[in-house]
Amino acid sequence: MKVTSYSAGGVASGSMQGSISTDSAKRYGGIPKKDNKNKVKKKNVNYNPREIRSALTRAKRSQSAGQVLAQAKGKLANLLKAKGTGQFKESELAAAIIHAKRMVRCAQMKTQNLKQEEQLQKRHAAEAKAEEQQQKNDIKLRVKRKEQNLKQKARNEKSQKVQKQKRQQMELMQRRRMHRNIEHGKMEEADLEYKKNMSNADNSDGTEFERAYIPMDGVEVQLSEDGIELTEAQIEAQIEQQVQMMIAAELAGGGMPDISAPTAELGGADLGGGDIPAADIAVG
């Protein structure tokens, strides 16, 4: 009986002790007290890391890259606002903020790079346009110079042609004048010879004519067939020489020489026009 009551008393005594110890621990904070009402579930961060990256990859101009940069800055600002609310998982939020900051820097970099590329492209386009314009100006200048050269060449050829025609005309006129003078002189000689022969015929018995002499420059020269042919050859040579002298003088700009002056080769005969002075024929 005593053992049983002891045992029962011991057990009861131990249970009371344990209950007192647990209450003390709870009272002094040794064991945390579970409170299901104050526990709040954290939200997942709504952040897509591929969104800014894809938009930035598609951007081909600085303007579109600037729009992506503004979008990246807006997402970063939203993430920073969500950080202080305590409604999201801190680790996910921190990773999203770090990624968003790097996307902002990438967007800034691409915007600056595209601006530089566009400026470089504009400069190259301006240089190419300037070179093309310079090339066009050079072509126009060469064409203009060539046209001027052709015009000048045409003017020179026309002037040379006119001068040549003038020289040919003067040569023809000079030859005509010389030939007419010579022809006139020959006819005068024939008339004089006829008159002298007729006068001698009246004074002679009419059987035969004596040899006729025609004085030239005060010197009596006996005319024979050989002498007359030689004189004509000299006259033709003198005419050719005077024509060449006239052409040379015209080319040199020295004016036309006086072809009417008597020359020694023609024995003082006047070739410039007019009648040949009458010559006395001596009968020997």
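Computed quantities for the displayed model
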{"item": "Packing-based ranking, highest mean first, of 51-60, 127-136 given that Cβ atoms within 10 Å are counted", "result": "51-60, 127-136"}
{"item": "Built amide H within the under 5 Å cut-off of Phe88, gap 5+", "result": "Lys43"}
{"item": "Backbone HN-Hα couplings from phi across the stretch 139-150 [Karplus 6.51/-1.76/1.60, Hz, Gly and Pro as x]", "result": "5, 4, 5, 5, 5, 5, 4, 5, 5, 5, 5, 5"}
{"item": "Sorted peptide list for 98-105, 233-240, criterion being average Cβ within 10 angstrom, highest first", "result": "98-105, 233-240"}
{"item": "Segment Lys140-Arg58, length gained on full extension (0.36 nm per residue, minus Cα span)", "result": "25.0 nm"}
{"item": "Enclosed volume per residue, in Å³, of the convex hull spanned by Cα atoms of the stretch 127-208", "result": "51 Å³"}
{"item": "Over 27 Å between alpha carbons, listed pairs Lys41/Lys81; Lys122/Lys146; Lys136/Lys158; Lys41/Lys83", "result": "Lys122/Lys146; Lys136/Lys158"}
{"item": "Burial ordering of Met109, Met246, Met178, fewest other beta-carbon atoms within 10 Å first", "result": "Met109, Met246, Met178"}
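Laboratory data are not the source of any read-out in this text; all were calculated from the coordinates shown. Keep in mind that this is a model prediction, so the values were computed, not measured. Don't worry about glycine lacking a Cβ; one is built from the backbone with ideal geometry, like all the others, and counts go over all protein chains shown.
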